[in-house]
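Below: the structure, in structure tokens.
The values are calculated or read from the model by the stated rules, or taken from the named source; none is laboratory data. On a predicted model such as this, the values are computed, not experimentally measured, just so you know. Ideal geometry is used to build each Cβ from the backbone, glycine not excepted, and the neighbour counts take in all protein chains shown.
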Amino acid sequence: MALISAETATSTFNMPRFERFLSYMASDEWNKAVTKAARAIMIPLAALLVFLMLWSIGAKSIVTSLGVFPGPSTVWEQSLSLYDEHQSERIKAAAFYERMGKRVDKAIADGKPQKKIEKLRNRKYTGKETFIDQIFTSLKTVLVGFLFASLIAIPAGIICGMSAILYTAVNPLIQLFKPISPLAWLPLVTMVVSAVYVTSDPMFPKAFLTSAITVTLCCLWPTLINTIVGVSGVDKDLINVSRVLRLNAFTKTVKIILPSAIPLIFTGLRLSLSTGWMVLIAAEMLAQNPGLGKFVWDEFQNGSSNSLARIMVAVLVIGFIGFLLDRIMLLIQRKVSWDKNAVLR
Amino acid sequence: MNSYLDIDHISITFPTDSGPLNVLNNVDLNVAKGEFISLIGHSGCGKSTVLNIVAGLLNATEGGVVLEEKEVTEPGPDRAVVFQHHSLLPWLSVYDNVRLAVDQVFKRTKSKKERHEWTLHNLDLVHMGHALDRKPDEISGGMKQRVGIARALAMEPKVMLMDEPFGALDSLTRTHMQDSLMEIQAELNNTVIMITHDVDEAVLLSDRIIMMTNGPSATIGEILNIDLPKPRNRLELAEDPAYNHYRAEVVKFLHERHQTLTKDESSEKSSVVSLSSKSRQADDENQKKSEVVKKASGEY
């Protein structure tokens, strides 16, 4: 063995490429690479298979009033049928708009009044929201709520972190509001939105606003707390540097405090976004915002033999999107963070 | 007396949970322009406190600091500080760290191009011109400290304050840094106050060494004038009787202080020993003392 490896080591550089590849295939290095790849892929895959098996076996033994609990295969069928429904709905919509286009053309040709033409032109397709549409509604709602919360929490956190007095003043309030469930906020938010948001031509539906604001109320806190901790924990030497340089408050914040606090701010943002996503599903169920939460609720009320499987599809999609959102935040964090050595997971 | 930098009878007392703590008592020092001063003394004797008061980061309880006939009330770039732990902004490159200081100090007096050139010039001065785009995490401890010095130099300070600038470096790197600092000092003739624990460093670099007594209520114990011609060369000086004499003076001062420091500690400890065996206690104390002397002489 030792003899062979010595031989390959001396002849590696004058071997033709293909033979070099073969010798690599035979070497320990290749074995190691294969083992590593196998570990990275095979182990999670095996775990997934075991999970699917257990699910499939376990599901058969649970019988509900809506039939047997759905196993993996039923859920897969339902996810395909949900996608088909979406496709056929899209075709219907396209047909509708084509018809409307023709009617508009005809109206113009007939010399109908401008007002009537405009009315025809603005008529929207009113078909039912498909599962895919609902996913996007949910995403839009959670992002609006999250963005709103971040816009409040980061500046507030910076201010509270810089002033010990303000922090002492605000801290009890934060601790009081932090543990409140979204379900407790929702009735209040609903009533306030109905009372305050009164327009004849609303830019956003009320259910959307209610859900988004509830998300905001629940995902303010992780960002706020982490920003405060990050800002108040800036290295004292760096603060002294800014004092020696006589940086003004703005430059000090932008050049020293914010970058220092960025890692913790992002930790807070990631926590907030995953909280927000969880909160959203509950909020949509009650507020009837046409997203994934409403989908689950409607299927539950519907109570057909397919309902449980369709809810299961939604559950898995909710999990997958939550995971995806967190990964996206992680990518942004990696991009923004100056501390490239920090292990982010 | 009108001097460049006048540290005028400063005392400072900090409130603590167990009553006020007088850290510095009546520290009085005049520094001439272009002078290189070292502060040396045992840990906890308030050297850094003196430096921080001159920097304006702390305010003296009594007395004050006057720099070029203006009283020091707050920190400013005319008293640049080189911190022990480099304190570079880790998210900025070497160039940007220095540029931040340059932009801040010369935003009105220098054009953009001049500021760029001034930044490069100062980094060249500390031999860091080759690593402009590196982040502090990507360079060695000695290099970080060089950048810290470049940042301080770039502010064109009236006084440069260095708080154990080479304390965290290995001895070989420290030697290089001292040589670099001497080179820069010869060229720019800055006024420098440097805190150090290193006797050789103090004698090699300084015009005067200020030896501080032990705290609390620390003050200036002795001042040693180093009359060695500049530029100095560490190899030649190693054999120089004058150099060795100065060195011995400082070592002697610190040694005596160290003895009193440990004596206090041992007497405190022995007071806990039961009173019944007085003679044994006295024996113990003698033994302890001799141990302390041995230990102290082995220190240097």
Practice task
Take segment A:60-74 and flag every residue that is surrounded by 17 or more Cβ atoms within 10 Å (Cβ to Cβ) and either assigned to a loop (DSSP other than H, G, I, E, B) or in the same structural domain as A:ARG310 (by TED's automatic domain parsing) (or both).
Solution key: A:LEU66, A:PHE69, A:PRO70, A:GLY71
Exercise for the section: Any chance you could count how many residues in segment B:127-158 are more than 14 Å from chain A (Cβ to nearest Cβ) and either assigned to a helix (DSSP H, G or I) or crowded, with 23+ Cβ neighbours inside 10 Å (or both)? Expected result: 7
Practice task
Looking only at segment B:41-59, decide whether some residue is assigned to a strand (DSSP E or B), away from chain A (no Cβ under 14 Å) and of a type outside the set (Val, Ile, Thr).
Solution key: no
Fill in the blank from the handout: Over segment B:80-90, the set of residues in a strand (DSSP E or B) and within 7 Å of chain A (Cβ to nearest Cβ) is B:ALA80, B:VAL81
Exercise for the section: Answer yes or no as to whether B:ILE184 is part of a strand (DSSP E or B) and of a type outside the set (D, E, K, R). Expected result: no
Completion exercise
The one condition A:ASP237 fails out of (1) more than 18 Å from B:GLY56 (Cα to Cα); (2) within 10 Å of chain B (Cβ to nearest Cβ); (3) touching a Phe, Trp or Tyr at 6+ places or on another chain (Cβ under 6 Å) is (1)
Exercise for the section: Report yes if A:SER56 is of a type in the set (Ser, Thr, Tyr), under 30 Å from A:PHE295 (Cβ atoms) and at pLDDT below 90, otherwise no. Expected result: no
Exercise for the section: Taking the options B:ASP96, B:ASP103, B:ASP124, name whichever one is part of a helix (DSSP H, G or I), farther than 22 Å from A:ILE256 by Cβ and either among the charged types (D, E, K, R) or within 10 Å of chain A (Cβ to nearest Cβ) (or both). Expected result: B:ASP124
Practice task
Go through (1) out of contact with any helix residue (DSSP H, G or I) (no Cβ under 8 Å at 6 or more places or on another chain); (2) within 13 Å of another protein chain (Cβ to nearest Cβ) and name the single condition A:ARG246 misses.
Solution key: (1)
Handout entry: Flag for B:GLU74 being surrounded by fewer than 17 Cβ atoms within 10 Å (Cβ to Cβ), touching a residue at least 24 places away in the same chain (Cβ under 8 Å) and more than 7 Å from chain A (Cβ to nearest Cβ)
Key = no
Practice task
Say whether the condition of being surrounded by 14 or more Cβ atoms within 10 Å (Cβ to Cβ) and over 13 Å from A:ILE228 (Cα atoms) is met by at least one residue in segment A:163-176.
Solution key: no
Handout entry: Leading residue by the ranking (modelled with the lowest pLDDT) among those in segment A:247-272 that are buried (at least 21 other Cβ atoms within 10 Å of the Cβ) and hydroxyl-bearing (Ser, Thr, Tyr)
Key = A:SER260
Handout entry: Selection count, segment B:18-32, where residues are hydrophobic (A, V, I, L, M, F, W, C) and over 18 Å from the mean Cα position of the chain (by Cα)
Key = 1
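Say whether the condition of being outside any strand (DSSP E or B), within 30 Å of B:HIS258 (Cβ to Cβ), within 9 Å of another protein chain (Cβ to nearest Cβ) and not aromatic (Phe, Trp, Tyr) is met by at least one residue in segment B:61-71.
Looking for residues that are outside any strand (DSSP E or B), within 30 Å of B:HIS258 (Cβ to Cβ), within 9 Å of another protein chain (Cβ to nearest Cβ) and not aromatic (Phe, Trp, Tyr), one finds none in segment B:61-71, hence no.
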